[in-house]
């Protein structure tokens, strides 16, 4: 049995379910309110599928005002609310509670304004990540954060987890790319933070809200920065006989003053699975593969890739190959972006998201391998090497409860090791329910208390996504 | 065990001692002025406090790993020391911290790392690289209860818990006393080129700057300086022009910088870029922008306005109808430095009234203490945001002892 608890539901709320549903029906028109069991079943879990829970109801508002009305009502009645974007959370961030409603933003997907001069777009928070870039592509712009789930995941969810992606080595993560938010607080108040200007007038609330996993308010609109597309871009593949050599090569590239758009790493098991899935043309006889992408004009790309190749030579690469065509570049990236799905086809997996300082990369990989071996699991490593964000995928059988529990223990041990090496529990997936009880590994009681006091500023009753991020025991509520 | 906090100046040499002092102040509800090295002491609302707690003796670069692009320093470390160390390794603080000291009548290079983050004043490269707050990876500090806490860490990506580190950026010491800061650093460009256009009106210059930053050439600085201020640069081509100057900067590897500059020149042909500065001249020019050379040696009030670039020139035009002003635009027009005549309110009423129509916000950077005490130095916030700000302050500093009133009354 999965060991993480949602906490005991409030029997008084469960007893009043029918009345609550009647009230909600007055606030949100029929297609936006799901009460039947089958409908709610769709929302019982997210991408951390080991955990499931049927909520009281699912509310899908279509305006900020509807969100406000629902939250005000829930606030008055002390009903918990679990926000949800597309449900792609890998940490159980959108896992419902039995005594909570799920508030989803899937009907708020519009692009409200594109401002080329000031290079911003205002969008509703339920829009998918990729749809933002698609909406501004004809004007030559894109939205930079690009999590692997970008076809499905929503901007609102990205804001909740301060999502990154492959390109964030150069372009930063969500917090670096959002200029303004419209947010509804738990008591229904609608607040605008930021604007089409670049910095905050008083306190900067954006970084508090971005990455707060839906615990401070519901973001309904955002103004995002648009980046002009580069003249061109191209990946190269560098294959090495050891992870150590690949890690040293990454450090060598950065030490030379080059910050590529992306440096992605795959180990042998990951290379094989991804190549089999996407026919990406990866070398199959290497222990570690780097995908290094650079941008610029044709001459700049050639010059940068030449320099990177010179650096890589020092670490004796087994394979060095520059993409020869747009089609090949697309295949190379398809293999990487589809990695989680590809591995999902051969096995269930438990995806970790620890971060380590770059200099500890070889040590961390050895430790990940050692820990998984001790738990008798195969592991595939795929990660953003430029910023030390590891994604070990622990391969296990999800239908075996004993294996699941063992996988969770194994994962926790990997994350503990990441913290010991000077890193952190999660780089871009969030804490959610999954890593909630590990927070004391990284933070002292005083550190956590200060964060929890901030939660109470926005949501004094702890009604918004309350079972996440902070251990259930010993919470500082005021 | 805590006693009474002595009045006067305290410069603890350890975080533990600093926490102890703050705890004493909290116990006795004694307000304290939180200070780094004091270079921006003359900015903001004057703090009414009998005691000063300075981080100036917490001065040490505690960690630097060039291959990880990370540096950590105690809060009182002079930011120039960090910049020098990074430069030795071909790296830099990409947000280009503004050196306000000289424009406030002080010496250059006095700012502390903590002060740079606490004010979040970023330089011209902000349009490409982000603000000071975007480069913060972790912070250690002491809250208004006297409790030491940390947030973030030393890795590039981190969503473990709330991002208190970045939220402390721009909080002017009113939430916590920062004691150690970890920043992301980036490689310094090998080559810098600057295109100069002369005699453009404000509106045309902003148009040119927005066009430039909307290209794929990664323009890393844009500034437009009105004619009476332009002659203060030491670049002789600017002085000789006797006209407004509009500067556009490209930084990259040498080949790429040259290629991009020539492509950009074609794009900007309508604005007649007539001078191209090489790396050395570019660096001198932009270091003068960074230290606001245009406004040094003056005591006239100086405002810093943040606005959408497309509305900047019009805003300035309207303010100029009633106030005698001199203006510098940075961030492709998104940042307006505005020097006004000496009036009793430093032009606050007119500036804020005009801003209300345009959106954006204004901070009074330079003015007499009496003026700063009597008006809103920082942009007044909408009531809901003000209420939230007061609650956030209380979450860090429940008895209100850290820089009380520095930003807003009660905050």
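Side notes on the structure shown:
- Centre separation in Å (Cα based) which lies between the stretch A:39-79 and the stretch B:220-241: 57 Å
- Cα-based equivalent ellipsoid, chain B: semi-axes from gyration tensor eigenvalues, Å: 36, 26, 18
- Per-residue ellipticity at 222 nm computed for chain A from its helices equals -10500 deg cm²/dmol, with DSSP H segments shorter than 4 residues left out and the rest contributing -39,500 (n - 2.57).
- Peptide A:109-120, shielding by other chains (average Cβ, 10 Å cutoff): 3
- Rounded to the nearest 10 degrees, the inclination of helix A:326-337 to the longest alpha-carbon principal axis of chain A is 50 degrees.
- Potential lengthening of the chain between residue A:279 and residue A:324 amounts to 14.7 nm, from the contour at 0.36 nm per residue minus the alpha-carbon distance.
- Helix A:298-313 and the longest principal axis of the Cα set of chain A meet at an angle near 70°.
- Equivalent-ellipsoid semi-axes for the protein assembly as shown (Cα gyration tensor, √(5λ), whole Å, largest first): 41, 34, 27.
- 10 Å Cβ neighbours from other chains, averaged over peptide B:252-265: 3
- Tensor-based shape of the stretch B:326-411 (alpha-carbon gyration tensor, a/c under 1.5 rounded, otherwise prolate or oblate): prolate
- Averaging the Cα positions of each part gives two centres, and for the stretch A:290-345 and the stretch A:418-467 these lie 36 Å apart.
- Length-normalised contact order for chain A - Cα pairs under 8 Å, 6+ apart - percent: 15 percent
- Centroid-to-centroid, using Cα positions, the stretch B:1-73 and the stretch A:153-187 are 32 Å apart.
- For the stretch A:305-398: rounded, prolate or oblate by the Cα gyration tensor [a/c cutoff 1.5]: oblate
- Placing a label point 7 Å from the Cα of residue B:237 along the Cα-to-Cβ direction, the residues of the stretch B:188-224 with a backbone N closer than 12 Å are B:193-198.
- Across chain A, counting alpha-carbon atoms alone, Rg and Dmax equal 22.5, 70 Å.
- In this label model, residue A:116 and residue A:420 are separated by 5.6 nm, measuring between points 7 Å along each Cα→Cβ vector.
- Neighbour-count ranking [beta-carbon atoms within 10 angstrom, fewest first] of B:378, B:95: B:378, B:95
- Label point distance in nm, residue B:61-residue A:446, each placed 7 Å from Cα along Cα→Cβ: 2.8 nm
- GNM flexibility winner over chain B from B:396, B:149, B:198 (Cα, springs under 10 Å): B:149
- Seen through its C-alpha gyration tensor, with square-root eigenvalues sorted a ≥ b ≥ c, the stretch B:50-173 comes out rounded because a/c lies under 1.5.
- Most fluctuating residue given options B:310, B:282, B:291, as computed from a GNM of chain B linking Cα atoms under 10 Å: B:310
- Highest-fluctuation residue, B:158, B:120, B:143 considered, GNM on chain B with Cα pairs under 10 Å: B:158
- Chain B: calculated mean residue ellipticity at 222 nm from DSSP helix runs of at least 4, using -39500 (n - 2.57): -9000 deg cm²/dmol
- Pairwise label distance in nanometres, residue A:287 with residue A:242, each label 7 Å out on the Cα-Cβ vector: 0.6 nm
- Tail beyond 22 Å, pair distance distribution of the stretch A:314-457 (Cα, percent): 49 percent
- 0 to 90° range, to nearest 10: angle between helix A:243-255 axis and chain A longest Cα axis: 90 degrees
- The stretch A:153-213, relative contact order [Cα under 8 Å, separation at least 6], %: 39 percent
- Cα-based equivalent ellipsoid, the stretch A:172-213: semi-axes from gyration tensor eigenvalues, Å: 18, 13, 9
- 10 Å Cβ neighbours from other chains, averaged over peptide A:205-214: 5
- Contact order for the stretch B:328-389, expressed relative to its length and based on alpha carbon pairs under 8 Å spaced 6+ residues apart, stands at 21 percent.
- Whole-number D in µm² s⁻¹ for the stretch B:264-411, Kirkwood Cα-pair radius fed into Stokes-Einstein, 37 °C, 0.692 mPa s: 187 µm²/s
- Packing, as the average of other Cβ atoms within 10 Å across residues, places the peptides A:311-317, B:174-180 in the order B:174-180, A:311-317, highest first.
Read the figures in this text as sums done on the coordinates, not as results from a lab. All values reported here derive from a predicted model rather than from experimental measurement. So basically every Cβ, Gly included, is an ideal-geometry build from the backbone, and we count neighbours across all protein chains shown.
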